[in-house]
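The structure appears below as structure tokens.
The values are calculated or read from the model by the stated rules, or taken from the named source; none is laboratory data. Treat the numbers as computed from the prediction; the structure is a model and nothing was measured. We place every Cβ from the backbone using ideal geometry, glycine too, and count neighbours over all the protein chains shown. The accessibility values were calculated without ligands, DNA or RNA, using every heavy atom of the protein model including side chains. Shrake-Rupley method; radii C 1.70, N 1.55, O 1.52, S 1.80 Å.
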Amino acid sequence: HWNGGNENLWGHQDWGWSERLAGRTWGERYARELLPAIVAELDPTRTYSENSPCSPGPHRAESAGSDVHPNHPDHGTHHQWDVWNRVDYTEYRSEVPRFCSEFGFQGPPARRTLSDWVHTVDGGPLAEAADPKNDANFAIHQKAEDGNGKLDRGMAPHLGVPSDFADWHWAAQLNQARAVAYAVEHYRSWWPRTAGAIVWQLNDCWPVTSWAAIDSEERLKPLWHGLRAAFAPRLLAMVDRNGTLSVAVINDTDADWSDELELTREQLDGTPIASASVAVAVPVRSVHVIAVPAALASPGDARTEVLLARLGHSRTVHTLVEDVDLALDADPISATAIPIEGGYLVQVTARSLARDVTLLPDVAAADAVVDHGLVTLLAGENATFEVRTAAEGIAELLVGEPVLRTANDLRRTETPVPR
């Protein structure tokens, strides 16, 4: 597919370009005439869009009779930046675009990348500054307008806003991953109405707080793990359909998916409360949305309960309130690290619900990488992470903070921010 430009049609209509141009040319013919003619001549097998976003075709708005807006979610491609700039990420579900070709959410780079490249204004380590988040040099590496303010406002209703910089850094990375995964799951649950989604962005070219999943040192941010999970060929996602909590069973494979959907509501400590099962059969490349029975969707105490959906090897864990309102155990896991050739195996066991268990291995060793992350464990469950590194003698570092993190950690302290 060929595309004739980025946000030019949208900008000309909404961002004051027309007034400033005062009738002068601005390149519209490139997008609407020249480029499609060249594509038709040189590569006629591929389609062409005038811009991203754009609303192609002879569509007319029902009200006022004007051309359809180039960023209209009902036509063509759509960019969604209200979430990052103005509203909470739960607002992704307020619209169902035909194809979301650009959206994203910010998070800082890896801690090691920050410590290697970003120092305080007096040259000292950023982590040792009195207020690292508001240090002038750290601000230089944040190019979004009011970027840190948007990060704080974005995490406040979900995770709270930690005052400790290491906790704030983890919360900002985690909230980035959750926000984008939330959008991806929503868009995928509406297939084929929503035919696809493209996340901005994959990687960075310099050490910066940004929308990337991979930072400038090629270190994976938690967002990368969140994207891999949210784009899994087979996926269970908790969604809202007309005010009803539902499970979207997403089968993006070449084989039918038939099994028993098992639904369970339990206490955070693992005590079962209620369960149900539903036989499902989801054909190739399709989505089925199944309402959660009221007995499971209506908790006795939402602060202390969790809902689990499982279908074959896929599952999703859904809390009925945000983390800031959950009675999470602030220290829910135990861990051991076993040296192996080329690294370590980190084995984690949960005593209570442990949200988004993740290792930030670069904190322990600059070359360290981990095979997966953002793993939610129910009480009694365990998970194994493989850390690859040439470093020796770091086993103890891998089994505690600031390397081994959970969302539960953030329940200890936070600074209130207006919602």
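Answer yes or no as to whether H169 is open to solvent by less than 10 Å² (accessible area, probe 1.4 Å), in contact (Cβ under 8 Å) with a residue 40 or more places away in the chain and over 17 Å from P109 (Cβ atoms). No; evaluated as a whole, the condition is false for this residue.
Of the residues that make up the range 361-368, is at least one within 30 Å of A302 (Cβ to Cβ) and either modelled with pLDDT of 95 or more or surrounded by fewer than 16 Cβ atoms within 10 Å (Cβ to Cβ) (or both)? No, because not a single residue in the range 361-368 is within 30 Å of A302 (Cβ to Cβ) and either modelled with pLDDT of 95 or more or surrounded by fewer than 16 Cβ atoms within 10 Å (Cβ to Cβ) (or both).
Of all the numbered requirements in (1) over 28 Å from V161 (Cα atoms); (2) outside any loop (DSSP other than H, G, I, E, B); (3) open to solvent by 30 Å² or more (accessible area, probe 1.4 Å), Y344 misses one, and that requirement is (3). Which residues, counting only those in the range 347-376, are among the hydrophobic types (A, V, I, L, M, F, W, C) and assigned to a loop (DSSP other than H, G, I, E, B)? Once the filter is applied, which keeps residues that are among the hydrophobic types (A, V, I, L, M, F, W, C) and assigned to a loop (DSSP other than H, G, I, E, B), the range 347-376 yields L353, L360, A364, A365, A366, A368, L374.
This table checks each residue for (1) crowded, with 16+ Cβ neighbours inside 10 Å; (2) in contact with a Leu (Cβ under 9 Å, 6 or more places away or on another chain); (3) under 15 Å from T316 (Cα atoms).
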position: A229; (1), (2), (3): yes, yes, yes
position: M238; (1), (2), (3): yes, yes, yes
position: G243; (1), (2), (3): no, no, no
position: T253; (1), (2), (3): no, no, no
position: E262; (1), (2), (3): no, yes, yes
position: A279; (1), (2), (3): no, yes, no
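Looking across H72, H79, one residue alone is within 23 Å of E7 (Cα to Cα) and open to solvent by less than 10 Å² (accessible area, probe 1.4 Å). It is H79. Among the residues of the range 290-330 satisfying the criterion of being open to solvent by less than 20 Å² (accessible area, probe 1.4 Å) and assigned to a helix (DSSP H, G or I), which is nearest to L374 (Cα to Cα)? In this case the residue turns out to be D323. On the basis of being outside any loop (DSSP other than H, G, I, E, B), open to solvent by 70 Å² or more (accessible area, probe 1.4 Å), farther than 30 Å from R178 by Cβ and modelled with pLDDT of 95 or more, does E41 make the cut? Yes. Answer with yes or no whether Y48 is among the hydroxyl-bearing types (S, T, Y) and open to solvent by less than 60 Å² (accessible area, probe 1.4 Å). Considered against the rule, which asks whether it is among the hydroxyl-bearing types (S, T, Y) and open to solvent by less than 60 Å² (accessible area, probe 1.4 Å), Y48 comes out as yes. Applying the condition of being of a type in the set (G, A, S) and modelled with pLDDT of 95 or more to the range 83-142 and asking which residue is surrounded by the fewest Cβ atoms within 10 Å (Cβ to Cβ) yields S94.
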